[in-house]
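Values in this text are rule-based calculations from the coordinates and carry no lab data. As the structure is a computational prediction, the values presented were derived from the model and not from experiment. Every residue, glycine among them, receives a Cβ derived from its backbone with ideal geometry; neighbour counts consider all protein chains shown.
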Amino acid sequence: MSDENISTGSSSEEDHVLVAEYVLGLLAPAEHAEVGARIAIEPSLMAEQRLWRLRLAALDREFADVPAPAGVLGRVETRLFGRSEAGGFWNSLALWRSIAAGGVAVAAIAIGFNVLTPRVDPKLFAEQLVAALQEEGSGVSFVALYDPTTASVRLTALSGAEVPDKDYELWAIEGGSAPISMGVIPVTSRIDIKITPQVLAGFGEGTVLAVTLEQKGGSPTGAPQGPIVAKGAATLI
Amino acid sequence: MDGPAEITELLSRCALRDRQAFGELYRRTSAKLFGVTLRILRDRSEAEEALQEVYVKIWQRADRFVAGGYSPISWLVAVARNHSLDILRARRPQSEDIDVALEVADTAPDPERAAVESGERSRIESCLSELDTDKADAVRGAYLDGYSYEELATRHSVPLNTMRTWLRRSLLKLRECLSA
């Protein structure tokens, strides 16, 4: 008896079994990748995958708790939030300091935008807040610089494209409060956004700036409705 | 393990880059997820390494959960389970070294989820019990232990193709029962 002999009947039955095997993890690498790619584009297979996942997840209870070895969280945190050398490009305090200290021209050219205005005094800038707004997989990223002398945020798009019938909207999230809209923003140019008193009241290190994709003209409800395409916390440099 | 609502909230805060929430999420869920990686990988140091990668992914993809709508614990287990299976798959002899993307449930919200979930457990149990015991065991072995067809065939002392045929038929039967 070979597997070719299985009378699975219709091709959809064949697909049902394939997706079940996929979810269980029984397929060889090449086939696993192939089925995964099909699931991503075929809604019926996606629904099938959901069915199996949801049903099989009921077995999750059978995984017994085993206390994790000490030190794992520390290593994860170092990797994710790390010290400057471990934190990657955006989290690198050294990089931002070097930009602030005068590496401006080189760094700004390297990323294709003039991030800073030349008139900013480096000492003043050194006390400014910066936020790198990005999101894995979205392709949209911004850098935001807070200028306390004008109470404004200079937002520069580093990457991203306009989406038909949609607008990007900027939000400030302060502490545990609901996001406050800072308005619709362009993705193709730089913009200076005057910070409203409402936002300014709680604005500081740790304030999260997030960009969502909203309907044309921005969210009509005053609360974000679309997906977050970029976000980042303000950091003192 | 804490209630789903609390885990959901911690995941949402992770999506907003709340590091404290991440630490809290780790403290509440790491024993469960270590249980998953250890059971599937069957090697303590590998399981520890995997756990580390799993939490990196959880932090990076926390917002997908928020957008998804899925039991938070199932979602976390799925990340740990899929990661462990990827490791096994890459290690198996027939491996062709294909980089398989993490497949976690970034699916559309399911409004029936909460109501359905409580019934799921008894449902899968009763559907599995309709299968022959060894076939139900094979399904469990694949899901909970990450056994391949080869390992299942060895464990049940049947030829590989027989195991494949068995299991595929059982899955169809199981599906019929589960979607009834």
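Could you line up A:M46, A:M182 from fewest to most neighbouring Cβ atoms inside 10 Å?
Ranked by crowding around the Cβ, least crowded first: A:M46, A:M182.
Just to confirm the filter: which GluC sites (Glu not before Pro) across segment B:135-180 are DSSP coil and have at most 11 other Cβ within 10 angstrom of their Cβ?
Hits after loop and neighbour filter: nothing returned.
Using a ≥ b ≥ c from the Cα gyration tensor of segment A:143-233 (square roots of the eigenvalues), is it rounded, prolate or oblate, where a/c under 1.5 gives rounded and otherwise the larger of a/b and b/c decides, a/b for prolate?
Oblate is the answer for segment A:143-233, as a/c is 1.5 or above yet b/c matches or exceeds a/b.
Would you mind working out the magnitude of the charge dipole of segment B:121-177 relative to its Cα centre, with +1 at each Lys and Arg C-beta and -1 at each Asp and Glu C-beta, to the nearest 20 Debye?
In total the dipole reaches around 220 debye.
Just to be sure I understand the model, the point goes 7 Å from the Cα along the line to the Cβ. What's the resulting B:D134 to B:S157 distance in nm?
The answer from the label model is 0.8 nm.
Whose amide H sits under 5 Å from the amide H of A:G183, counting only residues 5 or more places off or on another chain, with H placed in the peptide plane?
A:L170
Can you give the FRET efficiency to the nearest 0.05 for A:T149 and B:R91, using r as the Cβ-Cβ distance and R₀ = 56 Å?
0.45
When we measure straight from the Cα of B:K32, which lysines land under 24 angstrom away, once same-chain ones fewer than 8 places off are left out?
Output for B:K32: B:K57.
Report, by chain and number, residues whose modeled amide H sits under 5 Å from the one on A:G160, excluding near sequence neighbours (fewer than 5 apart, same chain).
A:S141
If you place +1 on the Cβ of every Lys and Arg and -1 on the Cβ of every Asp and Glu, how big does the dipole about the Cα centre of segment B:1-64 come out, in debye to the nearest 20?
Values: 12 positive and 11 negative charges, 15 e Å.
That gives a dipole near 80 debye.
Within 10 Å of each residue's Cβ, count the other Cβ atoms and sort B:C177, B:C14 from fewest upward. Could the numbers behind the result be given before it?
Working: B:C177 17, B:C14 25.
So the residues, fewest neighbours to most, are B:C177, B:C14.
Could you list B:D145, A:D147, B:D63, A:D165 in order of exposure, starting from the residue whose Cβ has the fewest other Cβ atoms within 10 Å? Walk me through the numbers on the way to the answer.
On the way: B:D145 13, A:D147 17, B:D63 23, A:D165 7.
So the residues, fewest neighbours to most, are A:D165, B:D145, A:D147, B:D63.
How much length, in nm to one decimal, is gained on full extension between A:V163 and A:E34, taken as 0.36 nm per residue of separation minus their Cα-Cα distance?
Net length gain for the segment: 43.5 nm.
Under 26 Å between alpha carbons, and skipping anything fewer than 8 positions from B:K173 in its own chain: which lysines qualify?
Correct list for B:K173: B:K135.
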